[in-house]
Amino acid sequence: MCTTRRPARGFTMIELIIFIMIVGIAVVGTISLLSVTSGRSADPQIRKQALTIAESLLEEIELAHFTLCDPTDATADVAAHASDCSSVVEDWGPEAGNSRPYDNVNDYVNSSTHVGSYTTDANGGSFPSNYVATVSIKTESGLGPSGGVIMSDNTPANMNALRIKVRVTYPPNNDFVELDGYRTRYAPNSLP
C-alpha cells in the first residue's frame, strides 16, 4: 500500500507573526487617527463662533452712521462740511452719554491709534468665556478708483474713508480670526 502525503495546510509561525504585526500596526494607526480627530472635533465650532462674533461686530460698525456732525446735531442730515454743524462736530470716540451701539462709526475707538476691546455684544450680552474682540479704525487715504481717490486724514472734517479691523481671539491657544472692512463718508445724505 502506497500512501501519499498531502501537503500541510495552514500558516507557518513566521507568516502568522507577520500577519499579526501588520494588523496591529493598522489598528494602532486607525486608533491614533480617531483620537486626534475626536480630540479636535470642537475646534471648527470654536472658530466658527469667533468668526460669527467678528462678522457681527464688523457689520454693526459698518452700519453705524458716518456723518460730519454728531447724529443728534440738528444739521447732521444736511451738513456738507464740518463748519455746517450747529453744535457737535463728529470726532474720534463716543460722545458723553453714548453706549453701545454707538451712533457713529468712529465712536468705536478713541483715536486712530487706539484699539477698542469688547467682551459683549451690542445688547450687552457677554461673549462666550475667553472670547475677546478688538477693534481698530484708521483713516485710509488713497481709497477709490484711479483718478478719483478719496482723500482722508485724522481730522474730523477730513475723515472720509476708514479701514475697520476686527480681531476676535478665542481659546484654547489664543488663536484669532481677523476681518477688515471699509467705510466711506457720503455726507450729507447719510442719515436715514
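The values are calculated or read from the model by the stated rules, or taken from the named source; none is laboratory data. Treat the numbers as computed from the prediction; the structure is a model and nothing was measured. We place every Cβ from the backbone using ideal geometry, glycine too, and count neighbours over all the protein chains shown. Surface accessibility is based on the protein's heavy atoms, side chains included, excluding ligands, DNA and RNA. Shrake-Rupley method; radii C 1.70, N 1.55, O 1.52, S 1.80 Å.
Things to note:
- Identity of the residue in the stretch 86-97, surrounded by 14 or more Cβ atoms within 10 Å (Cβ to Cβ) and not hydrophobic (A, V, I, L, M, F, W, C), that ends up modelled with the lowest pLDDT: Glu95
- Count of residues meeting criterion [of a type in the set (A, V, I, L, M) and either assigned to a helix (DSSP H, G or I) or over 30 Å from the mean Cα position of the chain (by Cα) (or both)] in the stretch 90-116: 1
- Some residue of the stretch 138-147 being at pLDDT 85 or above and closer than 24 Å to Thr72 by Cα: yes
- Taking the listed residues Arg5, Arg47, Arg100, the one that is open to solvent by less than 60 Å² (accessible area, probe 1.4 Å) and basic (Lys, Arg) is Arg100, with no other qualifying.
- Of all the residues in the stretch 128-160, those that are of a type outside the set (A, V, I, L, M) and assigned to a helix (DSSP H, G or I) number 2.
- Residue, modelled with the lowest pLDDT, within the stretch 24-48, restricted to residues that are more than 15 Å from Pro128 (Cα to Cα) and among the small types (Gly, Ala, Ser): Ser41
- Checked against (1) over 23 Å from Leu63 (Cα atoms); (2) without any contact (Cβ under 8 Å) to a residue 60 or more places away in the chain; (3) of a type in the set (A, V, I, L, M, F, W, C), Phe176 passes all but a single condition, namely (2).
- Leading residue by the ranking (nearest to the chain's Cα centre (by Cα)) among those in the stretch 139-153 that are exposed (fewer than 14 other Cβ atoms within 10 Å of the Cβ) and over 15 Å from His81 (Cα atoms): Gly142
Every residue, every condition in (1) out of contact with any strand residue (DSSP E or B) (no Cβ under 8 Å at 6 or more places or on another chain); (2) within 29 Å of Thr52 (Cβ to Cβ); (3) modelled with pLDDT of 85 or more, yes or no:
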position	(1), (2), (3)
Ala80	yes, no, no
Asp84	no, no, yes
Phe127	no, yes, yes
Ala133	no, yes, yes
Val149	no, no, no
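- Residue match in the stretch 64-76 (condition: open to solvent by 80 Å² or more (accessible area, probe 1.4 Å) and among the β-branched types (Val, Ile, Thr)): yes
- Restricting the stretch 110-125 to residues that are over 24 Å from Gln49 (Cβ atoms) and touching a Ser or Thr at 6+ places or on another chain (Cβ under 8 Å) leaves a set whose member that is least open to solvent (accessible area, probe 1.4 Å) is Ser112.
- The set of residues from the stretch 161-184 being open to solvent by less than 50 Å² (accessible area, probe 1.4 Å) and outside any strand (DSSP E or B) comprises just one member, Pro171.
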